[in-house]
Amino acid sequence: MTEDEFEAYASQRIRGAILDYLRSLDPMSRRLRGASRDVTAAITSLTKRLGRPPEEEEIAGELGLDLESYQALLGQVAGADLNHCS
């Protein structure tokens with residue numbers, strides 16, 4: 001293995017180890033993190049479109065969820081944040 005090849009290999013492994021460590025510190029799963037981003041994007045989009053803060057039913061509809069599923073998702077996201085803080 002040449003020095004350049006080793007440097008590229010080592011750089012990739014170190015970067016991967018750093019990302020793995022940072023992911024281990026995150027209290028939310030990738031699914032919940034993505035859902036949190038989707039909720040934020042839906043709220044932003046609806047606020048611009050409606051000219052006011054959206055109602056929960058409107059956010060749920062934008063996400064393609066019924067109100068109960070949307071509220072359950074919010075509870076999961078909030079629970080992940082609270083578990084990390086305690």
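The conditions of being open to solvent by 50 Å² or more (accessible area, probe 1.4 Å), closer than 30 Å to L63 by Cβ and hydroxyl-bearing (S, T, Y) are not met by T2.
Just to be sure, is R52 open to solvent by 100 Å² or more (accessible area, probe 1.4 Å), more than 21 Å from Q76 (Cα to Cα) and modelled with pLDDT of 95 or more? Taking the combined requirement at face value, the residue does not satisfy it. Taking the stretch 1-34 as the search range and keeping residues that are of a type outside the set (S, T, Y) and not in a helix (DSSP H, G or I), which one is modelled with the highest pLDDT? Filtering first and then ranking leaves M1. Here C85 clears all of (1) modelled with pLDDT of 95 or more; (2) more than 16 Å from the chain's Cα centre (by Cα); (3) open to solvent by 60 Å² or more (accessible area, probe 1.4 Å) except the condition numbered (1). Going by what's in this entry, would L63 be described as within 17 Å of the chain's Cα centre (by Cα), farther than 15 Å from M28 by Cβ, surrounded by 12 or more Cβ atoms within 10 Å (Cβ to Cβ) and at pLDDT 95 or above? Judged against the criteria, L63 is a match. Within the stretch 27-52, being closer than 20 Å to S69 by Cα and among the aliphatic types (A, V, I, L, M) holds for M28, L32, A35, V39, A41, A42, I43, L46.
The values are calculated or read from the model by the stated rules, or taken from the named source; none is laboratory data. All of these numbers come straight from a predicted model, not from anything done at the bench. Glycine also receives a Cβ, built like all others from the backbone with ideal geometry; neighbour counts cover every protein chain displayed. Surface areas here come from the heavy atoms of the whole protein model, side chains and all, with no ligands, DNA or RNA. Shrake-Rupley method; radii C 1.70, N 1.55, O 1.52, S 1.80 Å.
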